[in-house]
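As structure tokens, the structure follows; a few thoughts come after it.
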Amino acid sequence: EADIVLTIPSCRMSGAARVAGVLSRGLRKLYPDATIVIFVTDRADFEYPDWFDEKAHICQISTELENLRRDEKNACLLDLIRGLRTKKLFNVNSRLCWELIQQFNMQISSMMEVYCYLFTWDLNEHGHKGGYPISFVQGIFEHVRAYICDNSALQGELIDRYMLPQVMADKLLVLHTPGDPSDLSFENVFEQRRKEKRGLRAIWAGRFDRQKRFDIVKEIAVKRPDIEILAWGKRVLDDSSDDGGEMPPNITLMGTYDSFDDMPWQDSDFYLYTSEWDGVPTILIDAANRAIPVVSSIAGGTGDIVTEDTGWPVYD
């Protein structure tokens with residue numbers, strides 16, 4: 001039997017995967033004796049097992065399901081969570097689980113408490129909103145115990161978009177993601193580097209996907225050749241905003257990173273964050289926890305972290 005089941009699509013370099021890990025550890029603190037099962041439903045990737053509760057049972061089912069029809073996949077997942085006599089189901093970005101709840105909402109909600117995480121809309125190339133808050137939320141509202149948003153901007157937008165009465169709006173909970181504790185602080189690095197007349201150096205780190213707007217990073221580099229930019233990351237979704245053209249000479253591609261603290265914050269001036277739409281990126285929380293100056297686009301939930309008092313927000 002499983003007291004708690006978490007469904008995730010995969011575990012790759014993404015804020016949602018990190019939040020799923022934080023959620024698993026948080027649930028362990030709330031329910032120390034619970035049996036927690038994590039189903040990886042959509043892709044075989046599981047790159048960061050240390051993000052998750054060490055006592056949780058990780059079940060990679062995407063490989064077993066990959067050759068089945070969509071309705072057969074739904075039936076298998078339903079049988080699994082029902083067979084485990086699950087008491088609480090948390091869906092963190094698993095498309096298969098979203099579709100399961102949509103198809104079997106009454107059956108599932110009568111057997112267990114259902115919770116769904118929401119981070120942000122998606123935007124297509126024409127600027128139209130899509131993604132899970134559009135595709136699934138409204139149709140299954142009455143069957144979900146709570147929707148958990150990691151930012152207040154999305155909560156407000158959902159209430160306005162669906163004109164929710166208070167009794168339904170109360171199901172939209174904002175749960176800000178806690179940062180991993182750190183003993184490191186870079187509070188005086190910027191001032192010290194200015195005293196030493198060092199050249200400005202920025203760090204950019206993220207996915208080379210359309211959402212994260214690496215093309216803007218290249219524009220900044222062209223317009224500000226005096227700033228050296230060290231860029232960490234890789235493509236994850238195969239929809240990069242980078243046109244693949246020549247890289248400005250003041251950008252150095254550094255590959256991927258295993259830990260936030262692997263990057264040379266002691267020898268850099270600020271963290272540069274560019275995004276066109278967003279929840280609350282966990283990497284901004286990491287930077288804030290270490291007193292690193294942040295220059296960030298304000299999109300979606302980033303304004304929950306970066307304000308005129310805490311950093312340098314860019315609204316346009």
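The values are calculated or read from the model by the stated rules, or taken from the named source; none is laboratory data. Fair warning: this is a prediction, and the values are worked out from it, not measured in the lab. For neighbour counting, all protein chains shown are included, and Cβ atoms are generated from backbone atoms with ideal geometry for every residue, glycine included. Please note that ligands, DNA and RNA were not included when accessible areas were found on the heavy atoms of the full protein model with its side chains. Shrake-Rupley method; radii C 1.70, N 1.55, O 1.52, S 1.80 Å.
Rounded to the nearest 20 debye, what is the charge dipole size of the stretch 17-94 about its Cα centre when +1 sits on each Lys and Arg Cβ and -1 on each Asp and Glu Cβ?
Working: 13 positive and 12 negative charges, 90 e Å.
That gives a dipole near 440 debye.
In deg cm²/dmol, rounded to 500, what helix-only [θ] at 222 nm does the chain give when every DSSP H run of at least 4 residues adds -39500 (n - 2.57) and the total is split over its residues?
Rounded to the nearest 500, the figure is -8000 deg cm²/dmol.
Given a 1.4 Å probe and the protein chains all in place, what does the accessible area of Ile298 round to, in Å² to the nearest 10?
About 40 Å², ignoring ligands and nucleic acids.
At 37 °C and 0.692 mPa s, grab the translational diffusion coefficient of the stretch 74-154 from Stokes-Einstein with a Kirkwood Rh over Cα pairs, rounded to a whole number in µm² per second. Could you put the intermediate results ahead of the total?
Details: Rh = 13.3 Å.
Rounded to a whole number, D works out at 247 µm²/s.
May I ask for the equivalent-ellipsoid semi-axes of the chain, computed as the square root of five times each C-alpha gyration tensor eigenvalue and listed largest first in whole Å?
Its equivalent ellipsoid spans semi-axes of 37, 20, 19 Å.
Do any chymotrypsin sites (Phe, Trp or Tyr not before Pro) in the stretch 129-234 lie in a loop, going by DSSP, with at most 16 other beta-carbon atoms within 10 Å of their beta carbon, and if so which?
Answer by residue number: Tyr162.
Among all the lysines, which ones have a C-alpha under 23 Å from Lys88's C-alpha, if same-chain residues fewer than 8 places away are not counted?
Hits, sequence-local ones excluded: Lys29, Lys55, Lys73, Lys171.
Amide H of Cys149 versus every other amide H placed in the peptide plane: which residues, excluding those fewer than 5 positions away on the same chain, fall under 5 Å?
Leu118, Leu173, Val174, Leu175
Would you kindly find the accessible area of Thr177, with a 1.4 Å probe and non-protein molecules such as ligands, DNA and RNA excluded, rounding to the nearest 10 Å²?
20
According to the square roots a ≥ b ≥ c of the eigenvalues of the Cα gyration tensor, what is the shape class of the stretch 30-69, taking rounded for a/c under 1.5, prolate for a/b larger than b/c otherwise, and oblate for the remainder?
Oblate, since a/c reaches 1.5 and b/c is not below a/b.
What aspartates and glutamates does Lys129 reach when the alpha-carbon gap must be under 13 Å and sequence neighbours fewer than 8 apart in one chain are set aside?
Those aspartates and glutamates meeting the cut-off are Glu157, Glu276, Asp278.
May I ask you to list the lysines whose Cα is less than 30 Å away from that of Lys197, ignoring any residue fewer than eight positions away on the same chain?
Cα-Cα hits under 30 Å: Lys218, Lys223.
Just in the stretch 144-249: which trypsin sites (Lys or Arg not before Pro) are loop by DSSP and have at most 10 other Cβ atoms within 10 Å?
Passing sites in the stretch 144-249 are Lys197.
How long are the three semi-axes of the equivalent ellipsoid of the stretch 16-93, in whole Å, if each is the root of 5 times an eigenvalue of the C-alpha gyration tensor, listed from largest down?
Each semi-axis is the square root of five times an eigenvalue, giving 22, 16, 9 Å.
Going from most exposed to least, what order do Arg25, Arg70 have by accessible area with a 1.4 Å probe?
Output order, biggest surface exposure first: Arg70, Arg25.
Considering the convex hull of the alpha carbon atoms of the stretch 123-237, report its projected area averaged over all viewing directions, in nm², one decimal. It would help to have the intermediate numbers written out before the result.
On the way: hull surface 44.9 nm².
Mean projected area of the Cα convex hull: 11.2 nm².
How much accessible area does Thr256 have with a 1.4 Å probe, in Å² rounded to the nearest 10?
My reading of the accessible area for Thr256 is about 80 Å².
Based on DSSP H assignment, which helices of the chain show an axial Cα extent of at least 15 Å together with a mean Kyte-Doolittle hydropathy greater than or equal to 0.0? Mind dumping the intermediate values first?
Values: long enough: 15-30 (22 Å, 0.36); 70-83 (19 Å, -0.51).
Result, helices passing both filters: 15-30.
Could you list the GluC sites (Glu not before Pro) in the stretch 26-85 that lie in coil according to DSSP, counting only those with at most 11 other Cβ atoms within 10 Å of their Cβ?
Details: sites: Glu47, Glu54, Glu64, Glu66, Glu72; in loops: Glu47, Glu54, Glu66.
Those that pass, being in a loop and sparsely packed, are Glu54, Glu66.
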